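Trainee: Can you read through this structure? Questions will come right after.
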Amino acid sequence: MDRAAEEYLGTEWWRVSDEALLETLREMEDFSRQWHAEKLRVLAAAQSRGLAPAKGYPSVVELLRDTTRITRHEAKRRVAQSRSMEQLSCVDVGARDGVLGPDHIEVISELIESLPSTLPAETVNGAEQILVTAAAGLDSQTLRRRVGSELIARLDPDGTEPNDKEFYRPPNELDCHQRRDGRLRIRGEFDAEVGALLMSQLSPLAKPRPIEGKADLRGACERMGDAFAEFLQLGANAAVAPIEGGERPHLNVTISLADLAANVGAVSLGDGAQLSPGQLRRIACDARVIPMVLGGDSQPLDVGNSQRTAPIAIRRALAVRDRGCAFPTCTRPPGWTDAHHVRHWADGGPTEIDNMVLLCRMHHGIIHRSEWEVRIRDGIPEFIPPPFIDPEQRPRRRAGQAAQKTVHSP
């Protein structure tokens, strides 16, 4: 495949005929599928050798993610496909021959898995062969809809007998996605009891409120959104507000000395979101705002070896500097992290900001068990990857971290 691929490099495609272009596209797709199958076989070998725990990783998914710079979703997908190739012989052959692409592998695996466990092995093998043969002329979606649905209807006309687990749904779900401008999009589903409780709290706050005798022009969705915001504010002000990262809800606000003096410029929250000075002034009217001034001359945050755990002041400064787990590929927020000593406290490492870094539970374990190293350089955490990830061991930082020293202004 190497020699065949090299033939294409540097080709002046504008000189090639229409028929040759189309033939080349088909050949390249076959080569791509064959290479993908080989990658899955290499991944299977890595799993069988137990390379993930040997290298200090909790799973092969995380090891693959750091080694190849792919997303966690794609890493999970490849691990599942690798297992399918090991378990399904026809799929293995079809993938290595370039007949099956990644989507074909997934569809066939899902269809075979959905068949009743009571079917004879030869029937299941026959179904697998039918699907692989049909995939040679169909895309994965058409394969599922046309061939797969008919195959399932013939082999399992009554469907699988339902059980209690099929009727179970997680009772409460809430999905949160924060955009670059700081706005938060949420989508959730709650059981009847929680739903009734939430509506009982929001309904009084969401009623139309005439202003100076004029009708409330807000729509129902906007009124409900404002009610939810007011409800959260009431909860944050309550004495029973929950604790995260060692203290009750608050805002860490970062602004340069020059902008602070001129009352201009953007203001950064602890998680990296941006606020305008006007927004900050509105929040500051009734919220607890913790100032974090960059570029000042305040005393460094340092409690030496007097205590192992980071006090609240140090955690605040770490949250502003690291914006959550500082590992290069991680996006966990500050509240989900531990304060890790770069030089271990047991070895005399001080509890100070220049010797600490925020790490989520998983990456905290990776740093302790694997060959990854972490250091603080120019006030910013840097991670040195193992040679098996980067032979040159080039330092990595979390994306978006500015190379600037962070100090605290009380």
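Trainee: What are the ³J(HN,Hα) values, in whole Hz, obtained from phi via the Karplus relation 6.51 cos²θ - 1.76 cosθ + 1.60 with θ = phi - 60°, for each residue of region 123-128 in sequence order, with x given for Gly and Pro?
Mentor: My calculation for region 123-128 gives 5, 5, 5, x, 5, 4 Hz in order.
Trainee: Give me the net charge for the shell around ARG361: Cβ to Cβ below 12 angstrom, other residues only, Lys and Arg +1, Asp and Glu -1.
Mentor: 0
Trainee: Using a simple spin-label model with points 7 Å from Cα along the Cα→Cβ vector, what separation in nm is obtained for GLU371 and LEU232?
Mentor: 4.4
Trainee: Extending each Cα 7 Å along its Cβ direction at ILE186 and SER117, get the distance between those two points in nm, one decimal.
Mentor: Using points 7 Å along Cα→Cβ, the separation is 4.0 nm.
Trainee: Determine by what factor the alpha-carbon radius of gyration of region 167-227 differs from 2.2 N^0.38 Å, reporting the quotient.
Mentor: 1.45
Trainee: Compute the projected area of the convex hull of the Cα atoms of region 14-65, averaged over all viewing directions, and report it in nm² to one decimal place.
Mentor: For region 14-65, averaging the hull's shadow over all directions gives 4.8 nm².
Trainee: Counting only protein heavy atoms, what percent of the accessible surface of region 1-107 is carbon or sulfur at a 1.4 Å probe?
Mentor: Carbon-and-sulfur percentage of accessible area, whole number: 52.
Trainee: Compute the length gained on full extension between ASP354 and TRP14: take 0.36 nm times their separation in residues and subtract their Cα-Cα distance, giving the result in nm to one decimal.
Mentor: 116.7 nm
Trainee: Roughly what would the spin-label model give for ARG343 and ARG72, points 7 Å off Cα along C-beta, in nm?
Mentor: For ARG343 paired with ARG72, the spin-label model returns 3.3 nm.
Trainee: Continuing with this model, one more query. Under 5 Å between amide H atoms, partner at least 5 residues away or on a different chain: which partners does MET356 have, H built in plane at 1.01 Å?
Mentor: Under 5 Å from the amide H of MET356: VAL342.
Trainee: If I take R0 = 41 Å and measure r between the Cβ atoms of ILE312 and ASP378 in this structure, what FRET efficiency does the formula 1/(1 + (r/R0)^6) give, to the nearest 0.05?
Mentor: For ILE312 and ASP378, the calculated efficiency is 0.95.
The values are calculated or read from the model by the stated rules, or taken from the named source; none is laboratory data. What you see is a predicted model; the values in this text were computed from it and never measured. Glycine gets a Cβ as well: all are built from the backbone with ideal geometry, and neighbour counts include every protein chain shown. For the accessible areas, the whole protein counts, side chains as well, though only heavy atoms, and no ligand, DNA or RNA atoms are used. Shrake-Rupley method; radii C 1.70, N 1.55, O 1.52, S 1.80 Å.
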